[in-house]
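**Q** I'd like to ask some things about the structure below.
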Amino acid sequence: MTEASTVHEFPEKSGSASNRTARVLADRAAGEAYVASVCFKHGPPRLTGVELEFTVHHADDPARPLDPGLLATALGPHTPRTLRPDSPASPLPAGSPVSLEPGGQVEISAHPQATLRDLDAVVSADLRHLGELLSSHGLRFGDSGIDAHRAPRRLLDTPRYAAMERRFAPIGPGGLTMMCSTAGLQVCVDAGEAEHHAARWAAAHAMGPPLLALFANSRVHAGRDTGFASARWLAVHDTEAVRTRTARVAGDPGASWGARMMDTPLMALPREDRPWDAPEGLTFAGWIEGRGPAALLPKPTEADLDYHLTTMFTPVRPQGYLEIRYLDAQPPDEWLAPAALVTALLARPSTVDRVRDLCERVADRWATAACRGLADPDLAAVAAALADLGCAELGHTGLTAESVTEICESVQGRAYRSRSEA
C-alpha cells in the first residue's frame, strides 16, 4: 500500500509532521501548492474507509440529557481524551479509533480496507463491541442523522469547540445543532490517479443531492417533526457558508481547493494562553501576508495550514483521499448499503462518467434534496438510476454474493418504492 493511495493518512500520523511544523509558508503560492499536494494525492483507487457517527441516548429515556461521566465509564479505555484527558484512548478490538463530537455523539473511524467485505468485517466487529459497552451501562445508539429527542447541548469542554460555538452563534442555531445534534455517515475513497481527479471530484459532488435524498434520515429533531427529509444537512448548511458550501467542481480541483483555503477565514487559532477565537475576517492568505491582526502573530507553518484544513465542513472534503460527508447516519446495522453504493459508483472511470451524465440535471439541488428528499420526482428518478448503476457494479467491490443481493434489495427497494410514491 503506497503513501499515495493511503486513505486516512492524517498529518499527525506522518513521519514528517515535525518538519512541517517548522516549515514556514513563504507566500500565498506556497500555501496553495501545499494544499494541492496534501489534499489530492494520486494513486489507483484501492481502499475504502468509513466514519460512522451516532447520537447516544439513555436506553430507558432517550430524551434525558446524556451524562458525560456515564459515557466515559461505558467507553472505558476507549474514551477519547477530549472527554477524559488521562484516558489511554485505545482503539476498538478491530482497530477503529473512537472519537466524540461536541454533543457526545460517538464516532468510529474504521481503518481503510482493500475490499468492502474486509471493511464490513472490521466495522461490524467494532460496532458490536461498542454497542455492548454502551448497553452494559444503559446507553444505546441513536438510529437517525439528528437527535430525535433532545435539543443541542455541548458536552465537550475543549478550546476548539468553545471557539466554534461562539463563532457560529451570531449566524443562527444551525452551528450548535450541527455540532451537538447531528450524526453523519462518511465514506472515504482514494482520490485516484491524477488524470482522474477532476472527474472523480465532479462525480462525488454531482451524485450528492440524489444520494442525500435516497438516504435522508433526519426528519424529527428534539421531539418535533421538522417537515424536512434531512434536517441534519440543513443544519450543516446553515452553519457558515464559507465553510460548508459546495466546492467549485470545474477545472483542476487541487488548484481551486488551494485557492479556496487561502481565502477562507480562520475558524479557530490554537493558542496555549488564551481562547482560540480567531481574529474576525482574517483569512489564511491574510495571515501569511501579515495583514491587520496577523502582524502580531508568528508566521504560519504547514502544520497551521493542516489545522485550517480540518475546519471545513463541505459535502466532499479532500484529505489526500475524498471524504464524502453528505449522507445522514443510518441505524447501526444499515451502514453498509450506502457505503457500498458510493464505493461502487466511483469504482471505475466508465462508471464515474456515467454518474456525471445521470446526475447533471440535479447536481445543484442540495436544498431540494434536504427539504423534500425522494418526494421530488427528478431526484427520485436519478436516485433510482444510480441505484441500478451502483448495484450492477457491486460485484467489483469484494462483497459476497449474498451481501450483494441484500444490498441491492435494500437500495433498489428504497429507490423504487419512493419513486412510485413520488
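The values are calculated or read from the model by the stated rules, or taken from the named source; none is laboratory data. Keep in mind that what you see is a predicted model, and the values were worked out from it rather than measured. Please note: Cβ atoms are built from the backbone with ideal geometry, for glycine as well, and neighbour counts cover all protein chains shown. Note: accessible area is taken over every heavy atom of the protein model, side chains too, but ligands, DNA and RNA are not part of it. Shrake-Rupley method; radii C 1.70, N 1.55, O 1.52, S 1.80 Å.
**Q** The conditions are (1) open to solvent by less than 50 Å² (accessible area, probe 1.4 Å); (2) touching a strand residue (DSSP E or B) at 6+ places or on another chain (Cβ under 7 Å); (3) not hydrophobic (A, V, I, L, M, F, W, C), and R46 fails exactly one of them. Which is it?
**A** (1)
**Q** Can you spot a residue in segment 135-158 that is charged (D, E, K, R) and in a helix (DSSP H, G or I)?
**A** Looking for residues that are charged (D, E, K, R) and in a helix (DSSP H, G or I), one finds none in segment 135-158, hence no.
For (1) surrounded by fewer than 18 Cβ atoms within 10 Å (Cβ to Cβ); (2) of a type in the set (A, V, I, L, M, F, W, C), each residue gets a yes or a no:
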| position | (1), (2) |
| --- | --- |
| A367 | yes, yes |
| R372 | no, no |
| D376 | no, no |
| A383 | no, yes |
| L399 | no, yes |
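**Q** Sticking with this one: Would you mention how many residues in segment 199-215 are open to solvent by less than 10 Å² (accessible area, probe 1.4 Å), under 24 Å from D252 (Cα atoms) and in contact with a strand residue (DSSP E or B) (Cβ under 8 Å, 6 or more places away or on another chain)?
**A** Counting residues in segment 199-215 that are open to solvent by less than 10 Å² (accessible area, probe 1.4 Å), under 24 Å from D252 (Cα atoms) and in contact with a strand residue (DSSP E or B) (Cβ under 8 Å, 6 or more places away or on another chain) gives 4.
**Q** Just give me the residues in segment 338-365 being of a type in the set (A, V, I, L, M, F, W, C), in a helix (DSSP H, G or I) and open to solvent by 20 Å² or more (accessible area, probe 1.4 Å), in sequence order.
**A** If we filter segment 338-365 for residues that are of a type in the set (A, V, I, L, M, F, W, C), which is where we start, we get 339-342, 344-347, 352, 355, 358-359, 362-363.
Checking the rest, the ones that are also in a helix (DSSP H, G or I) come to 339-342, 344-345, 352, 355, 358-359, 362.
Scanning segment 338-365 gives a single hit, L358.
**Q** Follow-up question, since we're still on this one. Have a look at A222, A247, A229 and point out the one that is out of contact with any His (no Cβ under 9 Å at 6 or more places or on another chain) and of a type in the set (A, V, I, L, M). Step through it out loud before you land on a result.
**A** Details: A222 fails: out of contact with any His (no Cβ under 9 Å at 6 or more places or on another chain); A247 fails: out of contact with any His (no Cβ under 9 Å at 6 or more places or on another chain).
When all the criteria are applied, what remains is A229.
**Q** Exactly one condition in (1) touching a Phe, Trp or Tyr at 6+ places or on another chain (Cβ under 7 Å); (2) crowded, with 22+ Cβ neighbours inside 10 Å is false for S144; which is it?
**A** Condition not satisfied by S144: (1).
**Q** Going by the structure shown, is G76 surrounded by fewer than 18 Cβ atoms within 10 Å (Cβ to Cβ), free of Cβ contacts under 8 Å to residues at least 24 places away in the same chain and in a helix (DSSP H, G or I)?
**A** Values: surrounded by fewer than 18 Cβ atoms within 10 Å (Cβ to Cβ): yes; free of Cβ contacts under 8 Å to residues at least 24 places away in the same chain: no; in a helix (DSSP H, G or I): yes.
No; evaluated as a whole, the condition is false for this residue.
**Q** Could I ask something else about it? Could you check, for segment 109-118, whether at least one of its residues is small (G, A, S) and part of a loop (DSSP other than H, G, I, E, B)?
**A** Within segment 109-118, the first condition is being small (G, A, S), and the residues that meet it are 109-110, 114.
Checking the rest, the ones that are also part of a loop (DSSP other than H, G, I, E, B) come to 110, 114.
Yes.
**Q** For segment 250-263, check the following and say yes or no: at least one residue is of a type in the set (D, E, K, R), under 30 Å from A203 (Cα atoms), open to solvent by 10 Å² or more (accessible area, probe 1.4 Å) and at pLDDT below 95.
**A** There is at least one residue in segment 250-263 that is of a type in the set (D, E, K, R), under 30 Å from A203 (Cα atoms), open to solvent by 10 Å² or more (accessible area, probe 1.4 Å) and at pLDDT below 95.
**Q** Can you tell me how many residues within segment 270-291 are of a type outside the set (D, E, K, R) and free of Cβ contacts under 8 Å to residues at least 24 places away in the same chain?
**A** Residues that pass the stated criteria total 7.
**Q** Another question, then. Looking only at residues in segment 170-187 that are in contact with a strand residue (DSSP E or B) (Cβ under 8 Å, 6 or more places away or on another chain) and part of a helix (DSSP H, G or I), which one is farthest from P112 (Cα to Cα)?
**A** So, considering only residues that are in contact with a strand residue (DSSP E or B) (Cβ under 8 Å, 6 or more places away or on another chain) and part of a helix (DSSP H, G or I), the one farthest from P112 (Cα to Cα) is T177.
**Q** What number of residues in segment 229-267 are touching a Lys or Arg at 6+ places or on another chain (Cβ under 8 Å), without any contact (Cβ under 8 Å) to a residue 40 or more places away in the chain and of a type outside the set (D, E, K, R)?
**A** So the answer is 1.
**Q** Assess whether V236 counts as being open to solvent by 10 Å² or more (accessible area, probe 1.4 Å), β-branched (V, I, T) and farther than 29 Å from L116 by Cβ.
**A** Against the criterion (open to solvent by 10 Å² or more (accessible area, probe 1.4 Å), β-branched (V, I, T) and farther than 29 Å from L116 by Cβ), V236 does not qualify.
**Q** When segment 369-422 is examined, which residues are found to be touching a residue at least 40 places away in the same chain (Cβ under 8 Å), closer than 28 Å to P45 by Cα and among the hydroxyl-bearing types (S, T, Y)?
**A** Residues satisfying the conditions are T397, T400, S403, S410.
**Q** List every residue pair whose Cβ atoms sit under 7 Å apart, with the two residues 6 or more apart in sequence or on different chains, where the first one lies in segment 82-96 and is farther than 16 Å from P68 by Cβ and the second, anywhere, is of a type outside the set (G, A, S) and part of a loop (DSSP other than H, G, I, E, B).
**A** Matching pairs, first to second residue: P91/P97; G95/H111; S96/H111.
**Q** Out of segment 278-337, which residues are surrounded by fewer than 21 Cβ atoms within 10 Å (Cβ to Cβ), under 27 Å from V123 (Cα atoms) and among the basic types (K, R)?
**A** R317, the sole residue that qualifies.
**Q** Would segment 332-351 turn up any residue that is aliphatic (A, V, I, L, M) and over 20 Å from G192 (Cβ atoms)?
**A** Yes - at least one qualifying residue is present in segment 332-351.
**Q** Now, a different point. Quick check on segment 84-100. Is at least one of its residues among the acidic types (D, E), modelled with pLDDT of 95 or more and under 23 Å from L176 (Cα atoms)?
**A** No, that holds for no residue.
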